[in-house]
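Q: Please see the structure below; I have some questions.
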Amino acid sequence: MNPNPISSSAASLEAEHRRWRDGRLQELAAPDSWLGLVGLYWLEPGRNAVGSNPGCPVVLPEGPPHLGDLVWDGAFVLWRPVSDYPALVEEHEVGLAGEAILRTDKAGEPSRVHFGNLVFFIIERDGRPAVRVRDLGWPAKRPFAGVDCYPFDPAWRIEATWERFPEPRPLEVQSVTGELKTILVPARAIFRVDGAEYALWPLESGARGAFFIFRDGTTGSETYGGGRFLKVNAPENGSVLLDFNRAFNPPCAFTAFATCSLAPPENHLPLPVRAGEKKYIGAY
């Protein structure tokens, strides 16, 4: 007889966590995963050549020496292909005889330019556009081996008090690129571990849930040095469930071509949170 039988409730929670975990791994192994990024290039005003020629401002890992040009005039980014190498453009705003004005990710889903297994699109950070290049064929070249994580522990499913502020409070958030922005936070999550009180400030919160970035006593040694992400359901009746078993690595843990935000000082927890994902051993 098992001296410590797992209750049906605990077994159900673990099974639910396993389903979430399987979905997370499938997402990371997909062709459009963060692991497929092969380049990030900040655009300069004017013409930016795109191609496999190492002298191009935007270098592709394969393909013709000059595939086309990205022209940034300050108001928009125009894709101008070389006529010998047609590329498929998805979700562009305006088509002009083979040219296309590309949407950035500022307003949602960006336009995508495809050539073979390669796809590139425009992101915008602090008013400046950059080209992110992805190889959709990466899984065949270096299959994803998974990410280690701590064993599921229901003790790290913590009910926290959702403390609303009388007025939204400013929170400074820095990215890996050095960009610093201030956001207004309407509330924070207050929770206790071993009798001590801690708090997490959300970087996003609303009807669809809340999003946190935190550091803890494992950061840099057992877990990724930039901290980890945590998404939770929207607060109900003044409380929110923080399931640290679902703490996961940010994109920057998998690629040098991401522009992740870092955990603000308010979210530096002095205790080790041994739950969720550990360091990714296949990191760049």
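Q: Taking Cα extents along the principal axes in Å straight from the coordinates, which label in (1) 90, 40, 32; (2) 71, 51, 31; (3) 60, 46, 37 is the correct one?
A: So the calculated entry is the one marked (2).
Q: Below 8 Å between Cα atoms, with a sequence gap of 6+, how large is the relative contact order for the chain in percent?
A: 15 percent
Q: Cut-off 10 angstrom, C-alpha nodes, Gaussian network model of the chain. Which of Thr182, Thr219, Thr255 fluctuates the most?
A: Thr182
Q: Tally Lys/Arg at +1 and Asp/Glu at -1 over every other residue whose Cβ is under 14 Å from the Cβ of Ser33; what's the total?
A: Net local charge, Ser33 excluded: +2.
Q: At 0.36 nm per residue, minus the direct Cα-Cα distance, what do Arg24 and Ala107 gain on full extension? Give it in nm, one decimal, please. Don't skip to the end; give the middle numbers.
A: Numbers: separation 83, 0.36 × 83 = 29.88 nm, distance 2.54 nm.
Roughly 27.3 nm would be gained on extension.
Q: Compare the Cα positions of Phe212, Val59, Gly226 along the charge dipole of the chain (+1 at Cβ of Lys, Arg; -1 at Cβ of Asp, Glu; about the Cα centre) and return the one farthest towards the positive end.
A: Of Phe212, Val59, Gly226, it is Gly226.
Q: Something else about it: Counting only helical runs of four or more DSSP H residues, what would the 222 nm mean residue ellipticity of the chain come to if each run contributes -39,500 (n - 2.57) and the total is spread over all its residues?
A: -3000 deg cm²/dmol
Q: Excluding same-chain residues fewer than 8 positions from Lys106, which lysines have a Cα within less than 29 Å of its Cα?
A: By straight Cα distance, Lys106 reaches Lys181, Lys231.
Q: So how far, in whole Å, is the C-alpha centre of region 99-116 from the one of region 174-215?
A: Answer, in whole Å: 31.
Q: Need the full-extension length gain, Arg274 to Glu62, defined as separation in residues times 0.36 nm minus the C-alpha distance. One decimal, nm.
A: 72.2 nm
Q: Along region 188-195, what does the Karplus equation 6.51 cos²θ - 1.76 cosθ + 1.60 (θ = phi - 60°) give for ³J(HN,Hα), rounded to whole Hz, x for Gly and Pro?
A: So the Karplus estimates, Gly and Pro as x, are 9, 9, 9, 9, 10, 9, 6, x Hz.
Q: Still on this structure, please answer the following. Which cysteines in the chain lack any other cysteine whose Cβ sits under 4.7 Å from their own Cβ?
A: That list is Cys56, Cys149.
Q: Where the only charges are on Cβ atoms (+1 Lys, Arg; -1 Asp, Glu), what is the dipole of the chain about its Cα centre, to the nearest 20 debye?
A: The calculation lands at about 400 debye.
Q: Now for a separate question. Taking the chain as the reference, fit the longest principal axis to its C-alpha atoms, fit the long axis of helix 8-29 to the helix C-alpha atoms, and give the angle between the two in degrees, 0 to 90, nearest 10.
A: Once rounded, one gets 20 degrees.
Q: Let me ask something else about it. May I ask you to evaluate 6.51 cos²θ - 1.76 cosθ + 1.60, the Karplus curve with θ = phi - 60°, for each residue of region 225-235 and list the ³J(HN,Hα) values in order in whole Hz, giving x for glycine and proline?
A: Result, ordered by residue: x, x, x, 10, 9, 8, 10, 9, 5, 4, x Hz.
Q: Once the piece of chain linking Lys231 and Ala10 is laid out straight, how much longer is it, given 0.36 nm per residue of separation minus the C-alpha distance between them?
A: Here the answer is 77.5 nm.
Q: Mind listing the long-range amide H neighbours of Ser52? Cut-off is under 5 Å, sequence gap 5 or more, other chains count too, H placed in the peptide plane at 1.01 Å from N.
A: Amide H neighbours of Ser52: Leu60, His66, Leu67.
Bear in mind that the values in this text are calculations on the coordinates, not laboratory data. The model shown is predicted, which means the values in this text are computed figures rather than measured ones. Note: ideal-geometry Cβ built from the backbone for every residue, glycine included; neighbour counts use all protein chains shown.
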